[in-house]
1. Can you tell me which condition residue 149 does not meet? The list is (1) touching a helix residue (DSSP H, G or I) at 6+ places or on another chain (Cβ under 9 Å); (2) under 29 Å from residue 304 (Cβ atoms); (3) not in a helix (DSSP H, G or I), and all the others hold.
2. Considering only residues that are outside any loop (DSSP other than H, G, I, E, B) and at pLDDT below 70, which ones fall in the range 57-87?
3. Please determine whether any residue of the range 162-184 is surrounded by 23 or more Cβ atoms within 10 Å (Cβ to Cβ), within 16 Å of the ligand (Cβ to nearest atom), modelled with pLDDT of 95 or more and outside any helix (DSSP H, G or I).
4. Can you name the strands (runs of 3 or more DSSP E) wholly within the range 319-399 that have at least 1 residues being touching a strand residue (DSSP E or B) at 6+ places or on another chain (Cβ under 7 Å), on the phi > 0 side of the Ramachandran plot and within 14 Å of the ligand (Cβ to nearest atom)?
5. Would it be correct to say that residue 291 is in contact with a strand residue (DSSP E or B) (Cβ under 7 Å, 6 or more places away or on another chain), closer than 28 Å to residue 84 by Cα and within 16 Å of the ligand (Cβ to nearest atom)?
6. Name the residue, out of 263, 268, that is away from the ligand (no atom under 14 Å from the Cβ) and in contact with a helix residue (DSSP H, G or I) (Cβ under 9 Å, 6 or more places away or on another chain).
7. Would you pick out the residues in the range 280-305 that are under 22 Å from the mean Cα position of the chain (by Cα) and part of a loop (DSSP other than H, G, I, E, B)?
8. If I ask for residues that are near the ligand (Cβ under 9 Å from one of its atoms) and part of a loop (DSSP other than H, G, I, E, B), which ones from the range 1-33 would you list?
Ligand SMILES: Cc1cc2nc3c(=O)[nH]c(=O)nc-3n(C[C@H](O)[C@H](O)[C@H](O)COP(=O)(O)OP(=O)(O)OC[C@H]3O[C@@H](n4cnc5c(N)ncnc54)[C@H](O)[C@@H]3O)c2cc1C
């Protein structure tokens, strides 16, 4: 039986493992820590095709100035003089033309159209995680913001992504403060509890025979004509017939070691933060809530809410910076009522694998090595489809 290693037990790696096992491969997942040890743990769990856009939209460069002048800006650049980061930011900013943005929207559209269905297909593999179909509630601070939001969702509609948006009076929602003056409901989206859902993919994969090896940080390796050798930080050597690199924001380091610099994606770790809070039942949102201007989100989570936000370009393993959590709390208290911000738990930071041009890299690097990484803001929503895509590529390529 052909033996394949998947490096990374996040959403993308586990969905890849599941599809590869279903295709008849003997699969071993290697993770430096364990299941959902990276960005797949503390994210917001939004699967919202109607309002998913490439990050490098025209005009977004203004956020760079905001990052310097406003401590509560969604974007933070705590290490502004890092040359690698500047290279990334230059390529990233050059994408912000109407033409390139439109091209990225069109490229993303097939993934968006399929994202909810791809979660449904996971059930065929025995994935039992709860998948919540839901409308999304959007809170805005002016009529201009509302128009901008509706215009944005129209971009996806033009690209063929179903996108139904209705307006409502935010006073109907008990949880918004008076600063939310306009509201929109985005119909027919979905959300998950990310740690529980990703664990349910790991469980289903193991039932299909996938082995998951934890504490196995791959530090080097060699892709040969007949086999792939990998070595972990403890000096253990592994031999496989093929390898899929799905190590999220850490993937470039491995790609460089296995194939040299030309195989890297040029990603930056776009670190985001989250925490859990209890909510007075009177003010508990029953749908995910999004505040586009501040980019802070609230997902119903285990009886309370998970509050998520921030885009901070910094080393993926740098320690959590408590000031970012405090900033999100200030935003939450300004726009939302009833959230207990004194007794928050699960303070978390994780790295989004942000590619400089927008789309992820899902392809063969050689007849025995493959990459599925760089999903940026949307690796949860697109992880199941990425798993299907990489399994098809492996089937076509690995003889
Ligand atoms: C605050 C926040 C909110 C978000 N909200 C959403 C959302 O609502 N919807 C959405 O779709 N996306 C969201 N995202 C983005 C999403 O979390 C990521 O795109 C997605 O989790 C990436 O999955 P992945 O499997 O590629 O990477 P990861 O989940 O980071 O997994 C990579 C794995 O590789 C392992 N690894 C790394 N290096 C090695 C090595 N050398 N050897 C072995 N193992 C290694 C890591 O331990 C990790 O487990 C959010 C992200 C953040 C930070």
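The values are calculated or read from the model by the stated rules, or taken from the named source; none is laboratory data. In this text the structure is predicted, and so the values were computed from the model without any measurement. Here Cβ is always computed from backbone atoms with ideal geometry, including for glycine, and neighbour counts include all displayed protein chains.
1. Result: residue 149 passes all but (3).
2. The answer is 62, 63, 64, 65, 66, 67, 68, 69.
3. Within the range 162-184 (the criterion being surrounded by 23 or more Cβ atoms within 10 Å (Cβ to Cβ), within 16 Å of the ligand (Cβ to nearest atom), modelled with pLDDT of 95 or more and outside any helix (DSSP H, G or I)), the answer is no, since none of the residues qualifies.
4. Hits in the range 319-399: 345-354.
5. It is false that residue 291 is in contact with a strand residue (DSSP E or B) (Cβ under 7 Å, 6 or more places away or on another chain), closer than 28 Å to residue 84 by Cα and within 16 Å of the ligand (Cβ to nearest atom).
6. 263
7. Passing the criteria: 287, 288, 292, 293, 294, 295, 302.
8. 8, 9, 10, 31, 32, 33
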